[in-house]
Every structure is written in structure tokens, then in C-alpha cells.
Amino acid sequence: MSTTSNIRWPRIAIAIVALTAAIGAAVPADAGPTLDKIKERGVIRVGVGSEPGFFTPDANGKWQGFFVDFGRALAVTVFNDPDKVEFTNSSPQQRLPALQAGQFDVLLSGVTQTVTRAFKLNFHFGPVVFYDGQGILVKKSLGVTKAADLEGATIGVQSGTTGELNIADFFKKTGKTYKPVVIEDTDTFTQALLSGRVDALTQDSSDLGLRRSAFPNPDDYVLLPERLSKEPLAPAVLGGDDRWLEIVDWTVYATVQAEEYGITSQNVDSFLKSDDPGIKRFLGVDTSLGEAIGLDPKFAYNVIKKVGNYGEIFERNLGKSTKIGFERGLNKLWTQGGLIYSPPFR
């Protein structure tokens, strides 16, 4: 290689770096069609379901619940206002087409992340916010203690969910037979078991636990111990807007990271005095992180102050002190034996 070539390559490399930097600088940090539409509209449109603890309107029509709180957290990130969000109840049959049609900016209706929904439906998923699994709820009078005993049983399954394929796979693997009854309406789904139309219902175990607790005689029914599937429930957005997906991602992660730090809505102000450089970046005392990613440097502080950390969101909506009374289980932090985990804020 000649001396001339040796001199030329560093110059070319410098030119490439400079051009790359110029291109990057030409793209505004908040660029993205979804965010632009949200800001123009002045509200985030969120698709939800209707289930106590997860998403339900109160007596005044104000939505509340576990998934609802993540919608409010998003509104804080974008507008610093937890009320600049519009919740729309969407059935399992309607919610996926509605997201595809652009009716929602984000779906927070307990959607299971699957490969076909990612590739075939062009959905992108945020972090898993609730780890669940499909269960089977049966009448105690059947005398059944495990799912494999349900030979020939009539089982209700809700259309538009992953439950149809999961229950079919389970019986195929066990070599048993069953009679599926596909039901669309949520209320009819519950009544099918209460009226004796079906011997059992299959759905996410959390959903079945909530339905059982609302029965007139809940002790007459039992949730079988098997979990037929993995049901990682995550926010879903339509593919094609990476910027919006990242905002969804890091809003959720902010609630998780806050719990890891021990930061709550009640003590967050005391952490503003922390000497820990990671906490200073996280809460925006050191503004460099927020400026680098094009968000309000205090977005995480605002989310925690106005909505709370992941543990607070879980406990006030689903935890042991509520009527729901769920154990956190897999939804504990990774440091406590669970699966909830945040990448680093740096």
C-alpha cells in the first residue's frame, strides 16, 4: 500500500464520521409520526379491557387499574400530565384489528406477546409487565384435581385469545379428548360455567381467579394447578415507529428501575439529594441522560412522583391488601426471585 493511500484513509474516515454526525444531528430527538400525532391531538389513545384490578372505570367513570396506570405513566412521559390519556374498552376480538387500524397508540389490554402477532400482525411489544399462564377453572363437584382428568369435558374458551390454541395443544399432547365451546362475549363466558353449559373454563389464570372471586359461591369452584402456557402480557404498538416503541419501553423500565433503587412516589424527593451518579442521571438531577435521549431529563422523576414505581402499581391494584389479593410471584423483581428487570439507565 502506498504512502498516499495511508494518508487518504484517515481523511476518508474523518469525513464519514462527520457526515454521520451531521445526519444524526439533522433528525430531531422527538421525531416519530406517532408522537407527532399524539402531541397534535393532545392525548394518548390507549386500548384496554374490562376487568377489576387491571382496568375498570370507577363510579365517576375514571379508569383505574394495573394496566391503566402504565397508560397514565406514558402520559406523564409525553405531557407530564397523567390525565392526558384516553382509555377505550376493547374486546379480545376487537382489540388487535383496532390497533392495526391505528385506532390506538398503544394497546394495554393484557395482550400476550407471540411470534405471529409480531411477524404476521406487525405488532411491536414493550417490556412484559405481567407474567401469567393459562389455567383451567372447574366445578369442585367434578372431583377433578388435575387437567389430565378432564377426559371428554366440555370446556369454554374465549374467542380472539391465545387460549384456543393452547387448550387444543394441551389435549393433543395428553392424548385426551374434550369438547370446546368458543364464546365471544365476556359475560356469557362466565355464565357458561355458572349455568352448567360447560364443565370448565380456560383462560389466563389471573383472569379466572378474578372471575371466581366474583362468583356467588366461589368455594364451589377450583383453579387447577397446571399452567398450560406462558402468557407474557406486554404493551403492544403498531410496527414502524421505533421512537414511540422506545418511549413505551423506557417509561415501563423507569417504574421498574425506581423499585430497584427503592424510590417510591412518597420518598422520591429525598433521592434528589443522592450522591449516586446513577440515581442523579435517572431522576434528572444530572440532565445529561435526558438531553441525550431527547426526553425531559426529569421524565422518570415525574413518572414515579405522579404514578409510582412498579411495586406500588402492582400492590395498589392487585396486591394482598386489595380484594384481588394476588401474590407477586414471577412479577417480583429479579433481585427477589422474579422476572421483572430493567436495563441500565445510562
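The values are calculated or read from the model by the stated rules, or taken from the named source; none is laboratory data. Model, not experiment: these values are computed from the prediction. With ideal geometry, Cβ positions are generated from the backbone for all residues, glycine too; neighbour counts draw on all protein chains shown.
Conditions tested, residue by residue: (1) among the basic types (Lys, Arg); (2) crowded, with 19+ Cβ neighbours inside 10 Å; (3) more than 30 Å from Gly240 (Cβ to Cβ).
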site: Val129; (1), (2), (3): no, yes, no
site: Asp132; (1), (2), (3): no, yes, no
site: Lys139; (1), (2), (3): yes, no, yes
site: Thr145; (1), (2), (3): no, no, yes
site: Glu164; (1), (2), (3): no, no, no
site: Thr188; (1), (2), (3): no, no, yes
site: Ala200; (1), (2), (3): no, yes, yes
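Considering the stretch 44-60, the residues that are at pLDDT below 95 and part of a strand (DSSP E or B) include one that is surrounded by the most Cβ atoms within 10 Å (Cβ to Cβ), namely Phe55.
Within the stretch 89-127, which residues are in contact with a helix residue (DSSP H, G or I) (Cβ under 8 Å, 6 or more places away or on another chain), among the hydroxyl-bearing types (Ser, Thr, Tyr) and surrounded by fewer than 21 Cβ atoms within 10 Å (Cβ to Cβ)? Result: Ser91, single match. Scanning the stretch 213-239 for residues that are surrounded by fewer than 19 Cβ atoms within 10 Å (Cβ to Cβ) and closer than 18 Å to Val46 by Cα yields one hit, Gly239. In the list Phe326, Phe299, which residue meets the criterion of being at pLDDT 95 or above and buried (at least 19 other Cβ atoms within 10 Å of the Cβ)? The conditions single out Phe299. A search for C-beta distances below 9 Å between a residue of the stretch 31-59 that is closer than 18 Å to Ala73 by Cβ and any residue that is part of a strand (DSSP E or B) and among the acidic types (Asp, Glu), counting only pairs 6+ apart in sequence or on different chains, returns Val43/Glu86; Ile44/Glu86; Arg45/Glu86; Val46/Glu86.
Which residues, taken from the stretch 257-278, are crowded, with 20+ Cβ neighbours inside 10 Å and among the aliphatic types (A, V, I, L, M)? Of everything in the stretch 257-278, those that are crowded, with 20+ Cβ neighbours inside 10 Å and among the aliphatic types (A, V, I, L, M) turn out to be Ala258, Ile263, Val268.
Among the candidates Asp69, Asp81, which residue alone is part of a helix (DSSP H, G or I), touching a helix residue (DSSP H, G or I) at 6+ places or on another chain (Cβ under 8 Å) and farther than 17 Å from Asp207 by Cα? Outline the logic, then answer.
Details: Asp81 fails: part of a helix (DSSP H, G or I).
The unique qualifying residue is Asp69.
Only strands (runs of 3 or more DSSP E) wholly contained in the stretch 128-193 count here; list those with 2 or more residues that are among the aliphatic types (A, V, I, L, M).
Values: elements: 130-132, 134-139, 153-158, 178-183.
The strands (runs of 3 or more DSSP E) meeting that bar are 134-139, 153-158, 178-183.
Taking the stretch 174-186 as the search range and keeping residues that are among the polar types (S, T, N, Q) and without any contact (Cβ under 8 Å) to a residue 40 or more places away in the chain, which one is surrounded by the most Cβ atoms within 10 Å (Cβ to Cβ)? Write out each step before concluding.
Going residue by residue through the stretch 174-186, those that are among the polar types (S, T, N, Q) are 174, 177, 186.
Narrowing the set further to residues that are without any contact (Cβ under 8 Å) to a residue 40 or more places away in the chain leaves 174, 177.
Working: Thr174: 13, Thr177: 11.
For the stretch 174-186, the residue satisfying everything is Thr174.
Scanning the stretch 61-76 for residues that are of a type outside the set (Lys, Arg), surrounded by 20 or more Cβ atoms within 10 Å (Cβ to Cβ) and either touching an Asp or Glu at 6+ places or on another chain (Cβ under 9 Å) or within 19 Å of Val256 (Cα to Cα) (or both) yields Gly65, Phe66, Phe67, Val68, Asp69, Phe70, Gly71, Ala73, Leu74, Ala75, Val76. In the set (1) over 26 Å from Gly290 (Cα atoms); (2) surrounded by fewer than 21 Cβ atoms within 10 Å (Cβ to Cβ); (3) modelled with pLDDT of 50 or more, the condition left unmet by Lys39 is number (1). Mind checking which pairs have a first residue in the stretch 211-226 that is of a type outside the set (A, V, I, L, M, F, W, C) and a second that is surrounded by 14 or more Cβ atoms within 10 Å (Cβ to Cβ) and part of a loop (DSSP other than H, G, I, E, B), Cβ under 7 Å, 6 or more apart or different chains? Matching pairs, first to second residue: Tyr221/Phe215.
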